[in-house]
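Here is the structure we will look at, set down as structure tokens.
The values are calculated or read from the model by the stated rules, or taken from the named source; none is laboratory data. The structure presented is a predicted model; accordingly, all values stated were derived computationally and were not measured. Note that we place each Cβ from the backbone using ideal geometry, even for glycine, and neighbour counts take in every protein chain shown.
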């Protein structure tokens, strides 16, 4: 090999039938795997000693054997850990490559079977691992299937998997602060410098002292320490490095000039927070578009990297269960509540805690789930939104919501790591294929902590639904869900608060697919206070009820046609529930009382007709009545209404003209 930048004589690019490549950099003997070619363990830099700076290798004089993986960098061998714990399925338990402190900077190249003369795009894969584990040799990162798929889809691509270790190979997002162009498109998957921050010099010094102490070198001179480290086997160094030592880059003022925060990127963070809770500021962009934020930093990389794709997994925060969260499970809600109320002002603490349904008496399991959601939003979701909103080039924002199919702690969750696992497609043959079972549909019932809502939720469970009990009162909601069994879930929600609604729907979709939503207007006024004022307020009461009917009749046909959403209304008389004081019920005439069974009969009628929409169902004692919409007042009104409906179909693209008025 040569570290001289002097060019070699021009060598025609050629690949022989056995997969050996001849080019200007040397001769590389690869192997054919599943219709593609792999060249493994190619060293791209030479390290003279374990403490030396790497030097780039420019070409090879000898034939390079690229049929097996190269040595791995000094780090924990986490191949089985990543498969067993992170992914929850082992697909390859072969021994990992040997460890080396000088020969570990290598890469693997996987190319499609097309002719070598084709100029193809190159995808460089840089594995994660928090700077403590990971590798380009791991079976779940094998790009053979990905490259083969790219060829099958007519868009062949070359994948280069890098094993890094040098200080200049931090991440693509860090490199965007450089003026040196290396790529023109970038993908950042479930992680940013906002999540994994560099250490301060003081923290780095503390980690250094911890390692030196563990090696018994506290009293050694600098020269003695260097001599010891140069001679130490990498396996021993890894084994003796204490787990509590933080092994991360630190702010050195040069390569990493500062630790980034949200304030570094945005002077308009409210836009991110609105987007984060699914709500847009008045006049802002739609919820499917990242908010365009003002940036306080200069990104030279935006001059040469034109496109950025960035995203997160729905439950990325699950990774924190492996980083110290799990032991805190007992009384977690009380711990979080105390911490937030002690360190933040009362208003901010209350907003955050109520947004995640965290109260001092929240059960441990519910608090643990909420803590994971909070960690996801802070460490992954909000940073992805911020980068997407601030980056000057073209940005694409993704949210990965596929679930982990393998048994374990993360089963059913879109856990951290999973987006990359699905990208490489190496688990397709290992995914469980259980006997197909009918999927239980999901329903949301608002105001379901008691009364009509609780009765409907209970009734839906008998129809094999899974039910979300959306209720403002945390105590009645949690108690009701607990009494109904595992197919009922309580989510605290104030239907008058859009942010609360957005979080409720987000959590509901994480729990299951949503075909049914039953909304009950929450009656918060005691009937004893309502009755005396009923007559004086009757016009307003009547108008508000007809407003609901008008909305149902107007929205039902349009939403059904455009989005396959049906909207119907049930119109009962007075239904006795636990909200009714006992002394009030005898005051009502019998014909003004609707039994709960009649309301449930109306629910059954809606469930039985999937095409019913825009319908109001009136209830009277044991009977239900379908009230048809009133006929048009005249032919002209009918035509105007029908043509207006048609305009929805063409998106206001044409203006309807009646035949008799054509010129």
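Structure summary
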item: Residue in segment 312-324 that is assigned to a strand (DSSP E or B), within 30 Å of residue 392 (Cβ to Cβ) and not assigned by TED's automatic domain parsing to the domain that holds residue 508 present; result: yes
item: Lone unmet requirement of (1) closer than 24 Å to residue 19 by Cα; (2) in a loop (DSSP other than H, G, I, E, B) for residue 134; result: (1)
item: Test: residue in segment 21-37 that is crowded, with 17+ Cβ neighbours inside 10 Å and under 30 Å from residue 248 (Cβ atoms); result: no
item: Filtered residue count, segment 578-596, keeping only those that are under 19 Å from residue 454 (Cβ atoms) and touching a residue at least 40 places away in the same chain (Cβ under 8 Å); result: 5
item: Test: residue in segment 362-384 that is surrounded by fewer than 17 Cβ atoms within 10 Å (Cβ to Cβ), outside the structural domain of residue 146 (by TED's automatic domain parsing) and farther than 27 Å from residue 488 by Cβ; result: yes
item: Scan of segment 250-263 for residues that are more than 16 Å from residue 178 (Cα to Cα) and at pLDDT 90 or above, ordered by number; result: 250
item: Any hit, segment 342-357, residues being outside the structural domain of residue 83 (by TED's automatic domain parsing), within 18 Å of residue 475 (Cα to Cα) and touching a strand residue (DSSP E or B) at 6+ places or on another chain (Cβ under 9 Å); result: yes
item: Lone unmet requirement of (1) under 30 Å from residue 484 (Cα atoms); (2) in a loop (DSSP other than H, G, I, E, B) for residue 376; result: (2)
